[in-house]
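**Student:** Provided herewith is a single structure, encoded as structure tokens, for subsequent inquiry.
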Amino acid sequence: MTSKQRNISPKRPTRKARALAKPRQNARPHNDAKLSSFDAAKFLDSDDAVAEFIDAALETGEPAVLIRALGEVACAQGMAGVAKRSGLGRESLYKALSEDGNPSLDTILRVARAVGVRFHASAA
């Protein structure tokens, strides 16, 4: 065996090649966008905006969406004031409009009236 044959060994990958071949465990993908949370209260600044927001929630046909939308409107207008106008306690209003809440139709109608929204029916 010649000296040249002994010194021939497979090339070790460079540090850069190793880094490209094997992603780091705690690295985020480069296309992972950071999103901020959406706050509907910023856009509920007029009666028309509130009406459109509640109308869109009603169009989904999902009770949970309507309850969530009423909660957003109540927060935007001030939960204490909405509670007072609806005749409900502030704490019970928070509970009824929470994600786990299950408000009665009476509660939903009282909150809607308190935030200035009227429901109406039309033929489909």
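The values are calculated or read from the model by the stated rules, or taken from the named source; none is laboratory data. As the structure is a computational prediction, the values presented were derived from the model and not from experiment. Don't worry about glycine lacking a Cβ; one is built from the backbone with ideal geometry, like all the others, and counts go over all protein chains shown.
**Student:** When the range 101-124 is examined, which residues are found to be polar (S, T, N, Q) and either over 23 Å from the mean Cα position of the chain (by Cα) or surrounded by 15 or more Cβ atoms within 10 Å (Cβ to Cβ) (or both)? Spell out the reasoning first.
**Tutor:** Filtering the range 101-124 down to residues polar (S, T, N, Q) leaves 102, 104, 107, 122.
Passing the criteria: Ser104, Thr107, Ser122.
**Student:** Inside the range 63-100, can you point out the residues that are surrounded by fewer than 13 Cβ atoms within 10 Å (Cβ to Cβ) and part of a loop (DSSP other than H, G, I, E, B)?
**Tutor:** Gly78, Gly87, Gly89, Glu99, Asp100
**Student:** Show the residue pairs meeting these rules: Cβ distance below 7 Å; 6+ apart or different chains; first residue within the range 88-101 and at pLDDT 95 or above; second residue surrounded by 13 or more Cβ atoms within 10 Å (Cβ to Cβ) and of a type in the set (Lys, Arg).
**Tutor:** Leu88/Arg110
**Student:** Here is a check on your reading of the model: is Gln5 of a type outside the set (Ser, Thr, Tyr), modelled with pLDDT under 80, exposed (fewer than 10 other Cβ atoms within 10 Å of the Cβ) and part of a helix (DSSP H, G or I)?
**Tutor:** Numbers: of a type outside the set (Ser, Thr, Tyr): yes; modelled with pLDDT under 80: yes; exposed (fewer than 10 other Cβ atoms within 10 Å of the Cβ): yes; part of a helix (DSSP H, G or I): yes.
It is true that Gln5 is of a type outside the set (Ser, Thr, Tyr), modelled with pLDDT under 80, exposed (fewer than 10 other Cβ atoms within 10 Å of the Cβ) and part of a helix (DSSP H, G or I).
**Student:** Restricting to the range 44-60, and then to whatever is among the β-branched types (Val, Ile, Thr) and touching a residue at least 12 places away in the same chain (Cβ under 8 Å), can you tell me which residue is farthest from Ser122 (Cα to Cα)?
**Tutor:** Keep residues of the range 44-60 that are among the β-branched types (Val, Ile, Thr), which gives 50, 54, 60.
Subsequent filtering for residues that are touching a residue at least 12 places away in the same chain (Cβ under 8 Å) retains 50, 54.
On the way: Val50: 20, Ile54: 16 Å.
Of everything passing the filter in the range 44-60, Val50 is farthest from Ser122 (Cα to Cα).
**Student:** So which residues in the range 52-62 are touching a helix residue (DSSP H, G or I) at 6+ places or on another chain (Cβ under 9 Å), within 16 Å of Arg113 (Cα to Cα) and surrounded by fewer than 17 Cβ atoms within 10 Å (Cβ to Cβ), if there are any at all?
**Tutor:** Leu58
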